[in-house]
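Asks: Please read through the structure below; I'll follow up with questions.
The values are calculated or read from the model by the stated rules, or taken from the named source; none is laboratory data. Note that this is a predicted model, so its numbers are computed, not measured. Glycine gets a Cβ as well: all are built from the backbone with ideal geometry, and neighbour counts include every protein chain shown. Surface areas here come from the heavy atoms of the whole protein model, side chains and all, with no ligands, DNA or RNA. Shrake-Rupley method; radii C 1.70, N 1.55, O 1.52, S 1.80 Å.
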Amino acid sequence: MRPIHVKVALLFCLIGLVIDLSFIPLHKEDYGEGWILFFALKGLVSILWFVSFILIYRGFGWPRYVYTIFVLLAIIRYSIAGLDNFLDFYVTSSFLLSIGAVILWFTPQSNQWFKQVKERVS
């Protein structure tokens, strides 16, 4: 049985995905006339993340490492570039949800469950 940590982490990711997707239409003046193209590209990337979340839910461990690397890159980006965009509600909430998900995926209970699934498959 999946630990609650994995389920809550996936819920955090899905909420963050919805927040990210709703950001562009609500701030389309920031993107100019090309906001639809940018929204379409963001949608394609979101589909890839959604597929990776399904894989994590099924017990594959590697997508959580990929997601963690992207979260770490975002932390580095914000620490180098400054916090001007970070003060926006959408960016902040999505970012904090991502950090929370990464922490929950690497709790001892979650790690044990991922190891059990991996042993069962091999």
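Asks: For Ile80, Ile69, write out the residues from largest to smallest accessible area, computed with a 1.4 angstrom probe and no ligands counted.
Replies: Numbers: Ile80 135, Ile69 100 Å².
Ranked from most to least accessible, the order is Ile80, Ile69.
Asks: Need one number: convex hull volume per residue for the chain, Cα atoms only, in Å³. Please list the in-between numbers first.
Replies: Numbers: hull volume 12.3 nm³, N = 122.
Measuring per residue, one finds 101 Å³ for the Cα hull of the chain.
Asks: While we're looking at this one, here's another question. Tilt of helix 62-81 relative to the longest C-alpha principal axis of the chain, in degrees (0 to 90, nearest 10)?
Replies: The two axes meet at around 40 degrees.
Asks: Could I ask something else about it? Residues in the range 89-122, backbone N under 18 Å from the label point at Arg58 (7 Å along the Cα-to-beta-carbon vector): list them, ranges by number please.
Replies: Backbone N within reach: 114-122.
Asks: Ok, one more. Could you point to the residue in Trp113, Phe39, Leu97 farthest towards the positive end of the chain's charge dipole, with +1 and -1 charges on the Cβ of Lys/Arg and Asp/Glu respectively?
Replies: Toward the positive end, the furthest listed residue is Trp113.
Asks: Shifting gears a bit: Mind checking the angle between helix 4-26 and the chain's longest principal axis? C-alpha axes, 0 to 90 degrees, to the nearest 10.
Replies: Rounded to the nearest ten degrees, it is 10.
Asks: State the answer as a single residue: which of Trp62, Ser122, Leu72 lies farthest towards the positive end of the charge dipole of the chain, with beta carbon charges of +1 for Lys and Arg and -1 for Asp and Glu, about the Cα centre.
Replies: The one lying farthest along the dipole's positive direction is Ser122.
Asks: What does the charge dipole of the chain about its Cα centre add up to, to the nearest 20 debye, if the Cβ of each Lys and Arg holds +1 and the Cβ of each Asp and Glu holds -1? Don't skip to the end; give the middle numbers.
Replies: Working: 10 positive and 7 negative charges, 168 e Å.
The calculation lands at about 800 debye.
Asks: Under the rule of -39500 (n - 2.57) per DSSP H run of 4 or more residues, summed and divided by the residues of the chain, what mean residue ellipticity at 222 nm is obtained, to the nearest 500 deg cm²/dmol? Don't skip to the end; give the middle numbers.
Replies: Values: 6 runs with 102 residues, N = 122.
It lands at -28000 deg cm²/dmol.
Asks: Beta carbons within 10 angstrom, averaged per residue: use that to sort the peptides 52-62, 92-102, highest first.
Replies: On the way: 52-62: 15.5, 92-102: 18.5.
Highest to lowest by the protection proxy: 92-102, 52-62.
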